[in-house]
Amino acid sequence: MTEAATRRAPGTPCWVSLIVHGLHTTQNFYAELFGWEFGPGPEQLGPYVRALIDGKEVAGIGQLPPDRHLPIAWTTYLATDDADLTAEAIRACGGTVGVGPLDAGEAGRMAIASDPAGAVFGIWQAAAHLGTTLAGSPGTPVWNELVTRETSTVAKFYQAVFGYETEAVVSADFDYQTLHLDGHPVASLHGVGHALPRDRGPHWMTYFEVDDTDEAAQRVVELGGHILQPPREGSGGRVAMVADPEGAAFTIVRSAGR
């Protein structure tokens with residue numbers, strides 16, 4: 001268990017957030033699954049809480065207005081030093097800015113955007129709230145991956161906006177690129193072609209650390225969620241794709257080093 005860096009380099013995944021219909025029932029699900037406790041967060045966009053482990057902030061959950069019917073999904077936020085300039089770059093490079101940039105109280109400044117293929121992500125300019133402040137502990141986000149049709153075109157977008165260096169996996173049947181900042185891997189792009197779910201389209205996937213992938217997957221079902229892909233051995237450890245009771249998909253992983 002380590003505390004995350006205080007301020008991330010632009011482009012580093014720094015926060016994950018979920019907006020749902022039933023805030024209290026969703027809190028109960030993740031409290032039971034990951035041991036999260038909750039504290040208040042900024043409510044400019046409606047009721048919002050921050051998930052805590054040992055008093056350290058790891059994720060956010062907000063509530064949709066009753067008249068809004070948006071896809072329920074975890075959103076990966078990428079760090080920026082200037083949300084307004086990054087929003088301009090997103091538009092200039094073929095992306096879309098759907099919300100903001102706007103201030104989230106004293107916490108910081110944010111926007112919600114989508115890349116040219118339609119995958120939604122956030123940008124976060126930290127002020128009082130620096131983002132996820134704990135890493136390596138069960139219940140914390142450990143990795144973020146863009147699942148898209150093909151990586152070559154969309155990689156150029158993220159390179160142009162955030163300055164990533166990319167490292168491709170050279171394979172005739174595997175389309176995968178790792179995004180690097182200052183020589184360190186921070187996220188990945190995974191092209192799955194026609195295997196992309198039609199009901200979801202391109203999307204960012206959050207990986208959460210667990211002690212035991214199989215036990216956690218079973219616990220998801222007991223708590224009213226679903227297993228989308230059963231536990232299996234992956235390159236980074238034992239993984240399973242699951243969804244909470246409102247359908248928000250995420251991946252649980254017991255890292256190979258644990």
Single residue of region 12-28 satisfying the filter (among the hydroxyl-bearing types (Ser, Thr, Tyr) and closer than 27 Å to Pro185 by Cα) that is surrounded by the most Cβ atoms within 10 Å (Cβ to Cβ): Thr12
When Val154 is run through (1) within 27 Å of His194 (Cβ to Cβ); (2) of a type in the set (A, V, I, L, M); (3) part of a strand (DSSP E or B), the failure sits at (3)
If we only count strands (runs of 3 or more DSSP E) wholly inside region 104-148, which ones have 2 or more residues that are in contact (Cβ under 8 Å) with a residue 40 or more places away in the chain? 120-126, 141-148
Among the listed residues Ala9, Ala31, identify the single one that is at pLDDT 95 or above, of a type in the set (A, V, I, L, M), surrounded by fewer than 20 Cβ atoms within 10 Å (Cβ to Cβ) and not in a strand (DSSP E or B). Ala31
Some residue of region 88-101 being in contact with a strand residue (DSSP E or B) (Cβ under 8 Å, 6 or more places away or on another chain), without any contact (Cβ under 8 Å) to a residue 60 or more places away in the chain, in a helix (DSSP H, G or I) and closer than 27 Å to Ala216 by Cβ: no
Tell me, which residue of region 223-247 that is farther than 24 Å from Leu70 by Cβ, in contact with a strand residue (DSSP E or B) (Cβ under 8 Å, 6 or more places away or on another chain) and of a type in the set (Gly, Ala, Ser) is surrounded by the most Cβ atoms within 10 Å (Cβ to Cβ)? Ala240
Residues of region 47-88 being of a type in the set (Gly, Ala, Ser) and either surrounded by 18 or more Cβ atoms within 10 Å (Cβ to Cβ) or touching a Leu at 6+ places or on another chain (Cβ under 7 Å) (or both), which ones? Ala51, Ala59, Gly60, Gly62, Ala73, Ala79, Ala83, Ala87
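The values are calculated or read from the model by the stated rules, or taken from the named source; none is laboratory data. Everything quoted here is computed from the prediction, not taken from an experiment. When we count neighbours, we look across all protein chains shown, and the Cβ atoms used for this are built from the backbone with ideal geometry, even at glycine.
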